[in-house]
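Just passing along the structure, written as structure tokens.
The values are calculated or read from the model by the stated rules, or taken from the named source; none is laboratory data. The structure displayed is predicted, hence computed values, not measured ones. We place every Cβ from the backbone using ideal geometry, glycine too, and count neighbours over all the protein chains shown. These accessible areas exclude ligands, DNA and RNA; they are computed on the full protein's heavy atoms, side chains included. Shrake-Rupley method; radii C 1.70, N 1.55, O 1.52, S 1.80 Å.
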Amino acid sequence: VEGFSILDYGAGAGILSNFISERLSDFEYYGLEPNSLHGKERIGIANTIFQDKRVFFGLIDEDLNFCLLKKLDVIGLISVFTHLRMEDIKKILDRLQKVFDVAPDCSIIFSCFLGPTEFQEQPQPHIWERFYGRSFITEEGLQEYCNENNLTLNQRLSFVAAHGYVHNIFKITKD
């Protein structure tokens, strides 16, 4: 879809921007990472690799409000919510809802494991060390949040991820 605009919340090193740039000529990509050592490293790599005027990389605390003023088609959070507690997810969604003031047709799309579930232990250290091996998200919790905020939650797809765990993709839109 030419003219596409996306905010990649939790962009890592910007791989999604490369994927999009190979397929579209007219797009805007905004990739953000947390203001942490890991986030700054990822954004540094992305800015080094992807020298493209259609692509912007920044830090969530510094650049999120700038991005939310854009007429975005999609906000993507790929594996951002996977190991966060529901209260942290709600805080993120509270901030992202500002997009609907400028872009009422925007979709917030995210992937996650549904829990509460124990996952196979992986070698440490891990970036989400305090939550690793757990999922704190329930579909009921997501639905309750959406109902309270006049949002619509749609489960778009489920697939089997690494180690046989079901990964879910959801879409949130404004009612």
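Results for (1) open to solvent by less than 50 Å² (accessible area, probe 1.4 Å); (2) among the β-branched types (V, I, T); (3) at pLDDT below 75, shown as yes or no for each residue.
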site: V102; (1), (2), (3): no, yes, no
site: E118; (1), (2), (3): no, no, yes
site: P123; (1), (2), (3): no, no, yes
site: T138; (1), (2), (3): yes, yes, no
site: L142; (1), (2), (3): yes, no, no
site: L153; (1), (2), (3): yes, no, no
site: F159; (1), (2), (3): no, no, no
site: N168; (1), (2), (3): yes, no, no
site: I172; (1), (2), (3): yes, yes, no
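State the number of residues belonging to the stretch 14-26 that are assigned to a loop (DSSP other than H, G, I, E, B) and touching a residue at least 24 places away in the same chain (Cβ under 8 Å).
The qualifying residues number 2.
Continuing with the same structure: What number of residues within the stretch 85-99 are open to solvent by 20 Å² or more (accessible area, probe 1.4 Å) and over 10 Å from the mean Cα position of the chain (by Cα)?
Result for the stretch 85-99: 10.
Of all residues in the stretch 32-41, which are touching a helix residue (DSSP H, G or I) at 6+ places or on another chain (Cβ under 6 Å) and open to solvent by less than 10 Å² (accessible area, probe 1.4 Å)?
Correct list: L32 only.
Could you list, in sequence order, all residues of the stretch 100-113 that are within 11 Å of D73 (Cα to Cα) and under 14 Å from the mean Cα position of the chain (by Cα)? Steps first, please.
Going residue by residue through the stretch 100-113, those that are within 11 Å of D73 (Cα to Cα) are 100, 102-109.
Residues satisfying the conditions are C106, S107, I108, I109.
Separate question: So, A11, is that one hydrophobic (A, V, I, L, M, F, W, C), assigned to a helix (DSSP H, G or I) and within 19 Å of the chain's Cα centre (by Cα) or not? Quick ask: steps written out before the conclusion?
On the way: hydrophobic (A, V, I, L, M, F, W, C): yes; assigned to a helix (DSSP H, G or I): no; within 19 Å of the chain's Cα centre (by Cα): yes.
The answer is no for A11.
Considering the stretch 42-84 alone, what residues qualify as being of a type outside the set (A, V, I, L, M), out of contact with any strand residue (DSSP E or B) (no Cβ under 8 Å at 6 or more places or on another chain) and either part of a helix (DSSP H, G or I) or surrounded by 15 or more Cβ atoms within 10 Å (Cβ to Cβ) (or both)?
G44, T48, D61, E62, N65
Here's something else I'd like to know. Kindly provide the set of residues from the stretch 1-27 that are open to solvent by 50 Å² or more (accessible area, probe 1.4 Å) and of a type in the set (S, T, Y), ordered by number.
S25
Does the stretch 98-112 hold any residues that are under 12 Å from L151 (Cα atoms) and either small (G, A, S) or out of contact with any Ser or Thr (no Cβ under 8 Å at 6 or more places or on another chain) (or both), and which are they?
Applying the first criterion (under 12 Å from L151 (Cα atoms)) to the stretch 98-112 yields 100, 104-108.
Within the stretch 98-112, F100, P104, S107 meet the criteria.
Hey, another quick one. Do we have E87 as in a helix (DSSP H, G or I) and at pLDDT below 95 here?
It is true that E87 is in a helix (DSSP H, G or I) and at pLDDT below 95.
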